[in-house]
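This report refers to the structure that appears directly beneath it.
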Amino acid sequence: MEENPKGKLIKGIELKPESIGNKVTYVPPHAKGEKNMTSKKKNKVNLEIERKFLMRNVPDFEKKKYSEFRMFQFYFDRKGKRVRYRESIDENDNATYYFTKKKFISKGTYEELEFRITERTFYETFKKEKNKKGICKTRFVYKYKSCEFEIDMYKDLSLVVMEVELKNIN
């Protein structure tokens, strides 16, 4: 298991949904005094339809505009769903933290629930979780027409993967 970029070390938390206005809000039991974690999605299934491609290397974007993010994330399974916590650091060194639950539906299709969490929640969870798997990677995001291509270059691995999310299975 690779250490995360900030050198801090994190257990999954059981999140309890509470309704506030038109948002679904999640407050972990230990997060008293922290801002609530929210998802802009209402109580509906969010399907993530994606295709992944193995690449030889990160393409040369030349003068085309793209974004770059450094990421540390760790995973574990809970009740048949894949759980992920992610730290994403943009080009200006601004960090954003996410909690994601994914459930396999079919090849390339997952039921997904994702929302922002606090830095404190991220690191406390990392310290507590025992059966986690972590990775570090650099993500390049390139937009072309109506598609967004995410190209991940993994640290300490000779692996480059491109992912594109689709609106439907066709």
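Filtering Ile89, Ile105 for residues that are among the aliphatic types (A, V, I, L, M) and over 19 Å from Asp152 (Cβ atoms) leaves a single hit, Ile105. With respect to Asp90, is the statement that it is over 20 Å from Glu50 (Cβ atoms), among the acidic types (Asp, Glu), within 14 Å of the chain's Cα centre (by Cα) and surrounded by fewer than 18 Cβ atoms within 10 Å (Cβ to Cβ) true? Yes: the conditions hold for Asp90.
Residue pairs whose Cβ atoms lie under 9 Å apart, sitting 6 or more positions apart in sequence or on different chains, and linking a residue in the stretch 142-170 that is within 17 Å of Arg70 (Cβ to Cβ) and open to solvent by 90 Å² or more (accessible area, probe 1.4 Å) to a partner that is at pLDDT 95 or above and among the hydroxyl-bearing types (Ser, Thr, Tyr), are Lys155/Thr138.
Out of curiosity, is Arg86 modelled with pLDDT of 90 or more and basic (Lys, Arg)? Show your work before the answer.
Working: modelled with pLDDT of 90 or more: yes; basic (Lys, Arg): yes.
So Arg86 fits the description; yes.
For every residue, the table says whether it meets (1) out of contact with any Cys (no Cβ under 8 Å at 6 or more places or on another chain); (2) within 12 Å of Glu48 (Cβ to Cβ); (3) of a type in the set (Val, Ile, Thr).
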| position | (1), (2), (3) |
| --- | --- |
| Ile117 | yes, no, yes |
| Lys145 | yes, no, no |
| Met153 | yes, no, no |
| Val164 | no, yes, yes |
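Residues that are modelled with pLDDT of 95 or more and assigned to a strand (DSSP E or B) occur at least once in the stretch 117-125. Checked against the criterion of being at pLDDT below 50, loosely packed, with under 15 Cβ neighbours inside 10 Å and charged (D, E, K, R), the stretch 60-73 has no qualifying residue.
The values are calculated or read from the model by the stated rules, or taken from the named source; none is laboratory data. Remember, it's a predicted structure, so these values are computed and weren't measured experimentally. Here the Cβ is made from the backbone with ideal geometry for all residues, glycine too, and neighbour counts use every protein chain on show. The protein model used for the area step is the full one, side chains on, heavy atoms only, and it has no ligands, DNA or RNA in it. Shrake-Rupley method; radii C 1.70, N 1.55, O 1.52, S 1.80 Å.
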